[in-house]
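Please read the structure below before turning to the comments.
The values are calculated or read from the model by the stated rules, or taken from the named source; none is laboratory data. Note that this is a predicted model, so its numbers are computed, not measured. With ideal geometry, Cβ positions are generated from the backbone for all residues, glycine too; neighbour counts draw on all protein chains shown.
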Amino acid sequence: MKTAIRYIHISIFAAALISIPVNGQNLSATDIVRKADDKFNGEKSGYSVMSMTIVRPSWKRTIEFKNWTLGRDFALTLITSPAREAGQTFLKRYNEMWNWNPSINRLIKLPPSMMSQGWMGSDYTNDDILKESSVVTDYIHEFAGEELINGRECYKITMRAKETASIVWGKQIRWIDKKDFLVLKAELYDEDGVLVRTETGTNIKVMDGRSIPSIIELVPADEPQNKTIVEIKEIKFNIPLEESYFSQQNMKRVR
């Protein structure tokens, strides 16, 4: 999935929009993407409590979990509900991922063949979780206009993968709120320019001193009747965590 695409040159019109006034400053498209990315990924560490609802035409189910992160390279997730899956943990260390299942007392390293499978049956894949690219350094950013999303003025920014980048998405389009630099909508395309899924952020709340969309909805383009809804119930930034916290031993005892 991670293949580079050919760079499409910026048109004269787009080049003229390479920077526009924002709050008295001239911010480039890259500056705006960086500010939005820093809302979640610019901190040293984090802790969150979330729920994920998987919706299908004939059924839906909700999974609740806790998540600890340290930078971009370490993550530990504990499933807390439903009861039959509670206690399962997932560990990410750099480019490797493990799953601990207490019901069968088994720790497995996820092989490449499982990377395209949906995480916990959702529309997010294991590959999405494991291979996070940098939206700041792996893409070329261009202004594509301005639009209202849920009544909030947004910059519309097209992001095309650099030739040297080996990443999942060949192109992204992001709608970033002018006031708080929140990503309120994103369209993700493969290396052939085909829309794969759309993500939207709603229900903005102040958590740990900052405004963030507390609900994120993912809809796959080829199955629009399906969707995955993630709700952030609690989030904290820059909590004391060490690299040693993200270990196989701690997978079995974290609560």
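So which residues in region 66-98 are over 13 Å from V254 (Cα atoms), among the aliphatic types (A, V, I, L, M) and surrounded by fewer than 16 Cβ atoms within 10 Å (Cβ to Cβ), if there are any at all? Let's see the steps before the verdict.
So in region 66-98, the residues over 13 Å from V254 (Cα atoms) come out as 69-74, 81-85, 92-98.
Cutting the leftovers down to among the aliphatic types (A, V, I, L, M) gives us 70, 83, 97.
A83 - this is the single residue of region 66-98 that is over 13 Å from V254 (Cα atoms), among the aliphatic types (A, V, I, L, M) and surrounded by fewer than 16 Cβ atoms within 10 Å (Cβ to Cβ).
Of all the residues that make up region 93-119, how many are in a strand (DSSP E or B), in contact (Cβ under 8 Å) with a residue 60 or more places away in the chain and touching a helix residue (DSSP H, G or I) at 6+ places or on another chain (Cβ under 7 Å)? Even if it seems obvious, please write down each step before you answer.
Filtering region 93-119 for residues in a strand (DSSP E or B) gives 93, 96-101, 106-109, 118.
Add one more test, that the residue is in contact (Cβ under 8 Å) with a residue 60 or more places away in the chain, and what stays is 93, 98, 100, 107.
If we keep only those that are touching a helix residue (DSSP H, G or I) at 6+ places or on another chain (Cβ under 7 Å) too, we end up with 98, 100, 107.
Adding up the residues that qualify gives 3.
Could you run through region 135-156 and say how many residues are under 24 Å from I204 (Cα atoms) and within 17 Å of the chain's Cα centre (by Cα)?
2
Restricting the search to region 152-175, which residues are modelled with pLDDT under 95 and over 18 Å from R197 (Cβ atoms)?
K162, E163, T164, A165, S166
Go through the residues of region 102-109 one by one and say whether even a single one is touching a Ser or Thr at 6+ places or on another chain (Cβ under 7 Å) and of a type in the set (V, I, T). Steps first, answer last, please.
Kept after step one, since they are touching a Ser or Thr at 6+ places or on another chain (Cβ under 7 Å), are these residues of region 102-109: none.
Within region 102-109, none of the residues are touching a Ser or Thr at 6+ places or on another chain (Cβ under 7 Å) and of a type in the set (V, I, T).
Give region 207-255 a look and list any residue that's on the phi > 0 side of the Ramachandran plot and among the acidic types (D, E), or say none.
Matches in region 207-255: D208 only.
So that you can scan it fast, the table gives a plain yes or no per residue for (1) surrounded by 14 or more Cβ atoms within 10 Å (Cβ to Cβ); (2) of a type in the set (K, R); (3) in contact with a His (Cβ under 9 Å, 6 or more places away or on another chain); (4) in contact (Cβ under 8 Å) with a residue 60 or more places away in the chain:
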position: I204; (1), (2), (3), (4): yes, no, no, no
position: G209; (1), (2), (3), (4): no, no, no, no
position: I212; (1), (2), (3), (4): yes, no, no, yes
position: I215; (1), (2), (3), (4): yes, no, no, no
position: E234; (1), (2), (3), (4): no, no, no, yes
position: L241; (1), (2), (3), (4): yes, no, no, yes
position: Q248; (1), (2), (3), (4): no, no, no, yes
